[in-house]
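**Student:** Take this structure, written in structure tokens, and hold onto it; I'll ask about it next.
The values are calculated or read from the model by the stated rules, or taken from the named source; none is laboratory data. The model shown is predicted, which means the values in this text are computed figures rather than measured ones. For neighbour counting, all protein chains shown are included, and Cβ atoms are generated from backbone atoms with ideal geometry for every residue, glycine included. Accessible surface areas use protein heavy atoms only, side chains included; no ligands, DNA or RNA. Shrake-Rupley method; radii C 1.70, N 1.55, O 1.52, S 1.80 Å.
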Amino acid sequence: MDEKASVGEILAQAGIFHWGVASFADTLPLLECRAKSKLPSNARSVIVCLLGYYAGERAHNISRYAWARDYHLLAGELLNPAVGRMKNIWPGRDFVLFTDNSPIREVSAAHLAGLGFVGKNGLLISPAYGTYQFIAEIVTDLWLAPAMPAAPGCGDCDRCLKACPAGALSPAGVDQSRCRSHITQKKGELTLWEQAQVYKGGLAWGCDICNDVCPYNQPPRKTDIPAFGSALDGLVQEEDLPKLLAEKAFGYRGIKVLQRNLRIIKKKPSGGGPGTGE
Ligand code: B12
């Protein structure tokens, strides 16, 4: 059995059916992040895995990507056993799992791994899940033949650019400073304009607009990974935070940021004047 077939079998055992390979060299340059030091010294291939997270509709005050248990935890629970099996089959080879806090530019790597194209919203759009997936990758010094990248698919559509209420999306890409998802994750005091963005969004964490308007999510494809369809909490109350922080994707930011955002979405920002949209 060739190596890629063995990788596929191991990932199928982990419940991962949408994966591909990019050559490590093609995924450069790397992102500066703490996890960079974990990279295998002679990295050659990146095994990119898609983790679908669309789990239907429900009342919510946080983004749908944070309803299930923290995807960083779930990616580890699903893929660390697979990494263990790969190390058994290829002793002497190195395999390191990353997700989000990764030196790999994951959207571009998934594109290079043949899993879909990069949308004008800066997200991967895949035949499997539309935009509703997380990306996790196993970097290895084992050589695996890379896939062919898919062709761009947005064409003339610019629904996401038009729909983003904060003007964070343009043909130049994502302006992080204007993105409501970024604003809800910022620490400290928010400007009146930022408070107004959170208030109007009605979400204490993240933003789904550039996902939800994408025609590749119509209709949305439910996740085929049970862990992303269970233990869902869409509505978060301040009193729930202490127990939820350890288990949810918003936990890394700490309780103060969530308390601030929950209070903002409850009460229209005051102080009027320019920028708050009064
Ligand atoms: C920093 C970051 C953010 C920042 C900034 C995002 C940005 N794009 O600048 C903020 C906080 C705003 C953010 C928000 C979100 N994020 Co985020 N984020 C990241 C993180 C940690 C690094 C991204 C980064 O800086 N990449 C460098 C980018 C900017 O440069 P680049 O790769 O060279 O290329 C970009 C462009 O050049 C362009 N591009 C590159 N090649 C090509 C090719 C073509 C043809 C085109 C048109 C464009 C294009 O698109 C690329 C991606 O943006 C990644 C994890 C990772 N390690 O990659 C997650 C990640 C991208 N985020 C993710 C998610 C889910 C989100 C949210 C949907 C969460 C939410 N619901 O609130 C929002 C979506 C906002 C948006 N439209 O991007 C997922 C995306 C999965 C997917 N479906 O693609 C990732 C991969 C995390 C994960 N492991 O699943 N995020």
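**Student:** Any residue at all in the range 214-236 that is within 15 Å of residue 265 (Cβ to Cβ), within 12 Å of the ligand (Cβ to nearest atom) and in contact (Cβ under 8 Å) with a residue 60 or more places away in the chain?
**Tutor:** Scanning the range 214-236 turns up no residue that is within 15 Å of residue 265 (Cβ to Cβ), within 12 Å of the ligand (Cβ to nearest atom) and in contact (Cβ under 8 Å) with a residue 60 or more places away in the chain.
**Student:** For the range 81-107, which residues satisfy the criterion of being polar (S, T, N, Q) and either surrounded by fewer than 17 Cβ atoms within 10 Å (Cβ to Cβ) or farther than 21 Å from residue 7 by Cβ (or both)?
**Tutor:** Correct list: 88, 101.
**Student:** Spot the failing condition for residue 189; the list is (1) open to solvent by 50 Å² or more (accessible area, probe 1.4 Å); (2) within 20 Å of the chain's Cα centre (by Cα), and only one is missed.
**Tutor:** Residue 189 satisfies all of (1) open to solvent by 50 Å² or more (accessible area, probe 1.4 Å); (2) within 20 Å of the chain's Cα centre (by Cα) except (2).
**Student:** Looking at (1) within 16 Å of the chain's Cα centre (by Cα); (2) surrounded by 19 or more Cβ atoms within 10 Å (Cβ to Cβ), which one does residue 251 not meet, given that it meets all the others?
**Tutor:** All conditions are met except number (2).
**Student:** Given the condition within 12 Å of the ligand (Cβ to nearest atom), open to solvent by 20 Å² or more (accessible area, probe 1.4 Å), assigned to a loop (DSSP other than H, G, I, E, B) and outside the structural domain of residue 248 (by TED's automatic domain parsing), answer yes or no: does some residue in the range 131-149 qualify?
**Tutor:** yes
**Student:** Still on this structure, please answer the following. Name the residue, out of 128, 145, that is over 30 Å from residue 70 (Cα atoms) and modelled with pLDDT of 95 or more.
**Tutor:** So the residue among 128, 145 that is over 30 Å from residue 70 (Cα atoms) and modelled with pLDDT of 95 or more is 145.
**Student:** Take residue 55 and decide whether it is within 11 Å of the ligand (Cβ to nearest atom) and more than 23 Å from residue 103 (Cβ to Cβ).
**Tutor:** no
**Student:** Do we have any residue at all in the range 149-172 that's in contact with a Phe, Trp or Tyr (Cβ under 8 Å, 6 or more places away or on another chain) and in contact (Cβ under 8 Å) with a residue 40 or more places away in the chain?
**Tutor:** Yes, the range 149-172 contains at least one residue that is in contact with a Phe, Trp or Tyr (Cβ under 8 Å, 6 or more places away or on another chain) and in contact (Cβ under 8 Å) with a residue 40 or more places away in the chain.
**Student:** Has the range 187-208 got any residue that is part of a helix (DSSP H, G or I), modelled with pLDDT of 95 or more and of a type in the set (Asp, Glu)?
**Tutor:** Yes, that holds for at least one residue.
**Student:** Checking residue 42 against (1) more than 14 Å from the ligand (Cβ to nearest atom); (2) surrounded by 14 or more Cβ atoms within 10 Å (Cβ to Cβ), which single condition isn't satisfied?
**Tutor:** Residue 42 satisfies all of (1) more than 14 Å from the ligand (Cβ to nearest atom); (2) surrounded by 14 or more Cβ atoms within 10 Å (Cβ to Cβ) except (2).
**Student:** Collect the residues in the range 67-107 that are assigned to a loop (DSSP other than H, G, I, E, B) and away from the ligand (no atom under 12 Å from the Cβ), keeping them in residue-number order.
**Tutor:** Once the filter is applied, which keeps residues that are assigned to a loop (DSSP other than H, G, I, E, B) and away from the ligand (no atom under 12 Å from the Cβ), the range 67-107 yields 68, 69, 90, 91, 92, 93, 94.
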